[in-house]
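Here's the structure, in structure tokens; my notes come after.
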Amino acid sequence: MRTPLRIGILGAAIATLVSYLLASGALALAGQRFLPVKLPWATLARAAVAAVGMYLAVAHLSPGHHLATVAARMTVGAPVYLLLIGLIDPDARLLVAKAGARLRRMASNARVA
């Protein structure tokens, strides 16, 4: 059997991705019959929006050396993601507020001791 396209290793990677996506989808559908899980689609969508925003912020950062690029993207990407998810997700805002209160409590206990 001949294949009309010769895309080599990229074709193998795409075929692997597609087959894994199909297998994961089939297993998820079959598993729902035995253990129904309700996914928070709105929260997942907000996280995806924040991830795309982070990607757009770091995609063009390329200081030169590979390790420097990774460090720069981590340094910029993490705060951008946290800012975006904090702006668009009420659950994340609540979590940040709780963490902030805990840190303030720990800091005041450290000053007392």
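The values are calculated or read from the model by the stated rules, or taken from the named source; none is laboratory data. Keep in mind that what you see is a predicted model, and the values were worked out from it rather than measured. For neighbour counting, all protein chains shown are included, and Cβ atoms are generated from backbone atoms with ideal geometry for every residue, glycine included.
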(message) For the condition within 30 Å of residue 29 (Cα to Cα) and either in the same structural domain as residue 29 (by TED's automatic domain parsing) or not hydroxyl-bearing (Ser, Thr, Tyr) (or both), what is the one hit in 40, 63?
(response) 40
(request) Please enumerate the residues belonging to the range 67-94 that are over 10 Å from residue 57 (Cβ atoms) and touching a helix residue (DSSP H, G or I) at 6+ places or on another chain (Cβ under 6 Å). (result) 85, 86, 88, 89, 92, 93
(message) Quick test for you: out of 27, 35, 21, pick the one residue that is under 21 Å from the mean Cα position of the chain (by Cα) and aliphatic (A, V, I, L, M).
(response) 21
(request) Run residue 64 past the list (1) at pLDDT 95 or above; (2) on the phi > 0 side of the Ramachandran plot and report the number of the one that doesn't hold. (result) (1)
